[in-house]
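Colleague: Would you mind keeping the following structure in view while I ask a few things?
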Number of protein chains: 2
Amino acid sequence: MQLNPHYAELNESYLFSTIAHKVADYQKAHPEADVIRLGIGDVTLPLAASVTEAMHKAVEEQGHKGTFHGYIPSEQGYEFLRDAIRRYYAGHGVELDMSEIFISDGAKSDLGNLLDLFSQDNTILVPDPVYPVYVDDNVMAGRKILYLPATAENGFLPMPDEAPHADIVYICSPNNPTGATYSVEQLKAWVAWAKANDAVILFDAAYECFVSEPGLARSIFEVEGAKEVAIEVCSFSKIAGFTGTRCGYTVVPQALAGGKLNKMWLRRQTTKFNGVAYVVQRGAEAVFTDEGMKEIQQNLDYYRANAAVIAAALDEAGVWYCGGKNSPYIWLRCPNEMGSWEFFDWLLEHAHVVGTPGEGFGPCGKGYFRLTAFGDAERTKEAAARIKAALATL
Amino acid sequence: MQLNPHYAELNESYLFSTIAHKVADYQKAHPEADVIRLGIGDVTLPLAASVTEAMHKAVEEQGHKGTFHGYIPSEQGYEFLRDAIRRYYAGHGVELDMSEIFISDGAKSDLGNLLDLFSQDNTILVPDPVYPVYVDDNVMAGRKILYLPATAENGFLPMPDEAPHADIVYICSPNNPTGATYSVEQLKAWVAWAKANDAVILFDAAYECFVSEPGLARSIFEVEGAKEVAIEVCSFSKIAGFTGTRCGYTVVPQALAGGKLNKMWLRRQTTKFNGVAYVVQRGAEAVFTDEGMKEIQQNLDYYRANAAVIAAALDEAGVWYCGGKNSPYIWLRCPNEMGSWEFFDWLLEHAHVVGTPGEGFGPCGKGYFRLTAFGDAERTKEAAARIKAALATL
């Protein structure tokens, strides 16, 4: 028996596990320290009342023979949820067919599993810095990976005129970690590039709910012709606090590769997946009701206010940053030319605040640092004050 | 961009989708027919009261800030659930370490995803007939597949003295579809074979809860030394009716490949998976409480009684069958030397009963047919009576 040799090419451990270990070690050495975590992108507000109400109802159904739901009729997801998503997209002008929408247990699973559909010989183009699983997913499969630098110079929004030829390109917009968000105009250039290169765009729209400025894209399918070249992956984690409830969706258009990829993804999912729990799909459906949407907007506003608090502290300290407007992340340049991990340790020690070293998202993240607005409002205020005070001592 | 070429080598559609289409067509043509489905292995009893109670409590926690659970602290699963599984195994004499237990959204996902850990050059040995995803999972990856015939002659329990060399072997016991179940003694030979061949056993224990005869294995780890060669995959679908609630677990021993596979699986899951919903893990935990176990045993007895009803009808009709004792499946030889699909159509037409053609599980299933005991008791009695009556006309 031979193991997959490519796992040996991975970094020893996943970014957020490394951070968790570092923080655990610090807390062990300093049990009195009141550490505030603005590192991992986890939400803190509870599920909306419409969501828990729908889930209670579904649990009750699962407890009675007449209303019990066994295997999900289609691994692709219940029609009630796919239809709710279809209507949500129609709300921002994107028409989808029900057969194009696939319910998943989260964007992370689909971003990894989608690669099953492509040849191992494909070359992958990954923005740098970016959500680290794109790289790990492809290292595991032994694919050739090229990087597309996202820097302060290009506004962290690299354009295709700087791109080498590749077969698959990842675009994450609003970007994790920088918060940079492509406009519909800018994405037109990427769609044209994909057509010219016979490439597929894997569009990660996990943070689309934070888009608030006009002209910015919530979906790549706002670009005409994008259905011929793109797959879009999205999640309920950020829009509705589903990080611990696990639901997402992926759109594989029929127009892509003459319908082949839609058919292959359906086959992959019916073979290696059994769908998402009925109870969870009912909860996700409730997100799109009028009441659900109202509650969700209140939560998003709460997180936006946190971003503003962090931004204000950095402004006052004179630290350069971007993001926070169409994204829950603030991306700052480490002061005094500190390295990302150096600043991580410094901030943990001097402010007892945990962030994420930019370097963890790729080499171009060196010297940068990510803070999340998903924390509790009072704790975020406290963290912002501590960060400001600590920076003042430099 | 190149697609994965191996998808083209798959059969056009998945067995159970084919059946669903055939039944839908029949019902369209005969809207008055009262069709009873003993085909797909889906359960019909609702979740146990202890399970829904635990899920209601968890939904409530998710709705309040102080008790909200975001990202699952480890993709491997909550400790409360892994510890419950550890104790369950200890109950039948198998000691596991907490680090060896991984919670999943179901056996089907893990059976597919585990293959990520192995080289594409490995040769796979698959029993024939068997749960069809083993084959499809490996066709998708372009692996060489060898078959191990399970026939009436070997009691549907092929032994390693008939096996060619291979790197990975699947064992499903109690078997889907035949219901044949290996004894601990018989599995000793498979463990010895794996050691001699430097092979890994993927042991599918999804039906272990049905084992009722002494000497038969509920876990391959009841065999000494099995931890050095086997991975075990299990599910809450059958033991606790979680087909629509989605939870399972996989045991990757530290003793296997010097701990490498455990570490690789952890890395795979932290990169391509985000764990199972908190609400679902709380429900699964409740299965192992005293009250939960009592309720679950009542449900298993209900299904066992169904199996006995089907068996009695076949006995009276003089049809050969096996299974139904340590398994929810009855595996019968089609009467009058009919082919499996021929009998499928015949039974649908003459008894309005849906079963699964044995051929769908592999070439050795030709001429056999699977009926499931997971139906409603009254409907199963009705189906058994109709089957008996129809067979009498032959």
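The values are calculated or read from the model by the stated rules, or taken from the named source; none is laboratory data. Not measured: the values here are computed from a predicted model. Neighbour counts are summed over all protein chains in view; Cβ atoms, including those assigned to glycine, are modelled from backbone coordinates with ideal geometry.
Colleague: Would you check if there is a residue in the stretch B:13-23 being outside the structural domain of B:Leu371 (by TED's automatic domain parsing) and under 25 Å from the mean Cα position of the chain (by Cα)?
Modeller: Looking only at the stretch B:13-23, we keep the residues that are outside the structural domain of B:Leu371 (by TED's automatic domain parsing), and these are none.
Looking for residues that are outside the structural domain of B:Leu371 (by TED's automatic domain parsing) and under 25 Å from the mean Cα position of the chain (by Cα), one finds none in the stretch B:13-23, hence no.
Colleague: Restricting to the stretch B:360-369, and then to whatever is within 12 Å of B:Trp331 (Cβ to Cβ) and touching a Ser or Thr at 6+ places or on another chain (Cβ under 7 Å), can you tell me which residue is surrounded by the fewest Cβ atoms within 10 Å (Cβ to Cβ)?
Modeller: So, considering only residues that are within 12 Å of B:Trp331 (Cβ to Cβ) and touching a Ser or Thr at 6+ places or on another chain (Cβ under 7 Å), the one surrounded by the fewest Cβ atoms within 10 Å (Cβ to Cβ) is B:Gly367.
Colleague: May I pose another question? Please work out which residue is nearest to B:Tyr71 (Cα to Cα), limiting yourself to the stretch A:19-32 and to residues that are surrounded by 13 or more Cβ atoms within 10 Å (Cβ to Cβ) and out of contact with any Pro (no Cβ under 9 Å at 6 or more places or on another chain). Working first, answer last.
Modeller: Going through the stretch A:19-32, the residues surrounded by 13 or more Cβ atoms within 10 Å (Cβ to Cβ) turn out to be A:19-20, A:22-23, A:26-27, A:30.
Remaining after also requiring out of contact with any Pro (no Cβ under 9 Å at 6 or more places or on another chain): A:22-23, A:26-27, A:30.
Details: A:Lys22: 18, A:Val23: 17, A:Tyr26: 22, A:Gln27: 20, A:His30: 25 Å.
Top of the filtered list is A:Val23.
Colleague: Hey, can you tell me all the residues within the stretch A:188-208 that are part of a helix (DSSP H, G or I) and either farther than 27 Å from A:Ile85 by Cα or within 14 Å of chain B (Cβ to nearest Cβ) (or both)?
Modeller: Here is the first cut: in the stretch A:188-208, the ones part of a helix (DSSP H, G or I) are A:188-197, A:208.
Hits for the stretch A:188-208 are A:Trp193, A:Ala194, A:Lys195, A:Ala196, A:Asn197.
Colleague: List the helices (runs of 4 or more DSSP H) that sit entirely inside the stretch B:1-104 and contain at least 3 residues that are at the interface with chain A (Cβ under 7 Å from one of its Cβ atoms).
Modeller: Numbers: elements: B:15-29, B:49-62, B:79-91.
In the stretch B:1-104, B:49-62 are the helices (runs of 4 or more DSSP H) which contain 3 or more residues that are at the interface with chain A (Cβ under 7 Å from one of its Cβ atoms).
Colleague: When you go through (1) crowded, with 22+ Cβ neighbours inside 10 Å; (2) under 21 Å from B:Tyr321 (Cα atoms); (3) away from chain A (no Cβ under 14 Å) one by one for B:Tyr131, which number turns out not to apply?
Modeller: Among (1) crowded, with 22+ Cβ neighbours inside 10 Å; (2) under 21 Å from B:Tyr321 (Cα atoms); (3) away from chain A (no Cβ under 14 Å), B:Tyr131 violates only (3).
Colleague: Kindly indicate whether A:Thr270 is at the interface with chain B (Cβ under 9 Å from one of its Cβ atoms) and farther than 29 Å from A:Ser327 by Cα. Steps first, answer last, please.
Modeller: Values: at the interface with chain B (Cβ under 9 Å from one of its Cβ atoms): yes; farther than 29 Å from A:Ser327 by Cα: yes.
Criteria met by A:Thr270.
Colleague: Across the stretch B:241-261, which residue is nearest to A:Ala277 (Cα to Cα) among those that are more than 9 Å from chain A (Cβ to nearest Cβ) and out of contact with any Ser or Thr (no Cβ under 7 Å at 6 or more places or on another chain)?
Modeller: B:Val251
Colleague: Mind counting the residues in the stretch A:87-112 that are surrounded by 15 or more Cβ atoms within 10 Å (Cβ to Cβ), of a type outside the set (D, E, K, R) and either over 20 Å from A:Gly241 (Cα atoms) or outside the structural domain of A:Gly248 (by TED's automatic domain parsing) (or both)? So that I can check it myself, show each step before the final result.
Modeller: Filtering the stretch A:87-112 for residues surrounded by 15 or more Cβ atoms within 10 Å (Cβ to Cβ) gives A:88-89, A:94, A:96, A:99-112.
The next check asks that each one be of a type outside the set (D, E, K, R); those that pass are A:88-89, A:94, A:96, A:99, A:101-104, A:106-107, A:109, A:111-112.
Next, from what is left, pick out any that are either over 20 Å from A:Gly241 (Cα atoms) or outside the structural domain of A:Gly248 (by TED's automatic domain parsing) (or both): A:94, A:96, A:99, A:101, A:112.
Matching residues across the stretch A:87-112 total 5.
Colleague: Of the residues B:Arg246, B:Arg267, B:Arg282, which is crowded, with 24+ Cβ neighbours inside 10 Å and not in a strand (DSSP E or B)?
Modeller: Numbers: B:Arg267 fails: crowded, with 24+ Cβ neighbours inside 10 Å; B:Arg282 fails: crowded, with 24+ Cβ neighbours inside 10 Å.
Exactly one residue qualifies, and that residue is B:Arg246.
Colleague: Checking the structure you have, find out if any residue of the stretch A:217-235 is more than 9 Å from every other protein chain (Cβ to nearest Cβ), part of a loop (DSSP other than H, G, I, E, B), surrounded by fewer than 23 Cβ atoms within 10 Å (Cβ to Cβ) and in contact with an Asp or Glu (Cβ under 8 Å, 6 or more places away or on another chain).
Modeller: no
Colleague: Only one of (1) more than 13 Å from B:Leu38 (Cβ to Cβ); (2) in contact with a helix residue (DSSP H, G or I) (Cβ under 6 Å, 6 or more places away or on another chain) fails for B:Trp346. Which number is that?
Modeller: Unmet for B:Trp346, out of (1) more than 13 Å from B:Leu38 (Cβ to Cβ); (2) in contact with a helix residue (DSSP H, G or I) (Cβ under 6 Å, 6 or more places away or on another chain): (2).
Colleague: Another question about this same structure. Filter the stretch B:163-174 for residues that are in contact with a Leu (Cβ under 7 Å, 6 or more places away or on another chain) and more than 14 Å from every other protein chain (Cβ to nearest Cβ) and give the result. Spell out the reasoning first.
Modeller: Within the stretch B:163-174, the first condition is being in contact with a Leu (Cβ under 7 Å, 6 or more places away or on another chain), and the residues that meet it are B:163-164, B:166, B:168-170.
Hits for the stretch B:163-174 are B:Ala163, B:Pro164.
Colleague: Next question. Filter the stretch B:134-157 for residues that are crowded, with 22+ Cβ neighbours inside 10 Å and more than 19 Å from the chain's Cα centre (by Cα) and give the result.
Modeller: Matches in the stretch B:134-157: B:Met140 only.
Colleague: Next question. When you scan the stretch A:64-85, how many residues do you find that are surrounded by fewer than 18 Cβ atoms within 10 Å (Cβ to Cβ) and at pLDDT 95 or above?
Modeller: 7
Quick grid of which residues meet (1) in contact (Cβ under 8 Å) with a residue 40 or more places away in the chain; (2) under 30 Å from B:Thr67 (Cβ atoms); (3) within 23 Å of the chain's Cα centre (by Cα); (4) surrounded by fewer than 20 Cβ atoms within 10 Å (Cβ to Cβ):
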{"site": "A:Val319", "(1), (2), (3), (4)": "yes, no, no, yes"}
{"site": "A:Lys325", "(1), (2), (3), (4)": "yes, no, yes, yes"}
{"site": "A:Pro328", "(1), (2), (3), (4)": "yes, yes, yes, no"}
{"site": "A:Gly358", "(1), (2), (3), (4)": "yes, no, yes, no"}
{"site": "A:Thr372", "(1), (2), (3), (4)": "yes, yes, yes, no"}
{"site": "A:Asp376", "(1), (2), (3), (4)": "yes, yes, yes, yes"}
{"site": "A:Ala384", "(1), (2), (3), (4)": "yes, yes, no, no"}
{"site": "A:Lys388", "(1), (2), (3), (4)": "yes, no, no, yes"}
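Colleague: Looking at A:Val319, A:Val353, A:Val276, which one is within 28 Å of A:Leu15 (Cα to Cα) and within 12 Å of chain B (Cβ to nearest Cβ)?
Modeller: Values: A:Val319 fails: within 12 Å of chain B (Cβ to nearest Cβ); A:Val353 fails: within 12 Å of chain B (Cβ to nearest Cβ).
From the options A:Val319, A:Val353, A:Val276, the qualifying one is A:Val276.
Colleague: Pick from B:Asn154, B:Asn138: which is without any contact (Cβ under 8 Å) to a residue 60 or more places away in the chain, on the phi < 0 side of the Ramachandran plot, within 14 Å of chain A (Cβ to nearest Cβ) and not hydroxyl-bearing (Ser, Thr, Tyr)?
Modeller: On the way: B:Asn154 fails: within 14 Å of chain A (Cβ to nearest Cβ).
Going through B:Asn154, B:Asn138 in turn, just one is without any contact (Cβ under 8 Å) to a residue 60 or more places away in the chain, on the phi < 0 side of the Ramachandran plot, within 14 Å of chain A (Cβ to nearest Cβ) and not hydroxyl-bearing (Ser, Thr, Tyr): B:Asn138.
Colleague: Output the number of the condition that A:Ile124 fails; it satisfies all remaining conditions of (1) of a type in the set (A, V, I, L, M, F, W, C); (2) in contact with a Ser or Thr (Cβ under 8 Å, 6 or more places away or on another chain); (3) outside any helix (DSSP H, G or I); (4) more than 10 Å from chain B (Cβ to nearest Cβ).
Modeller: (2)
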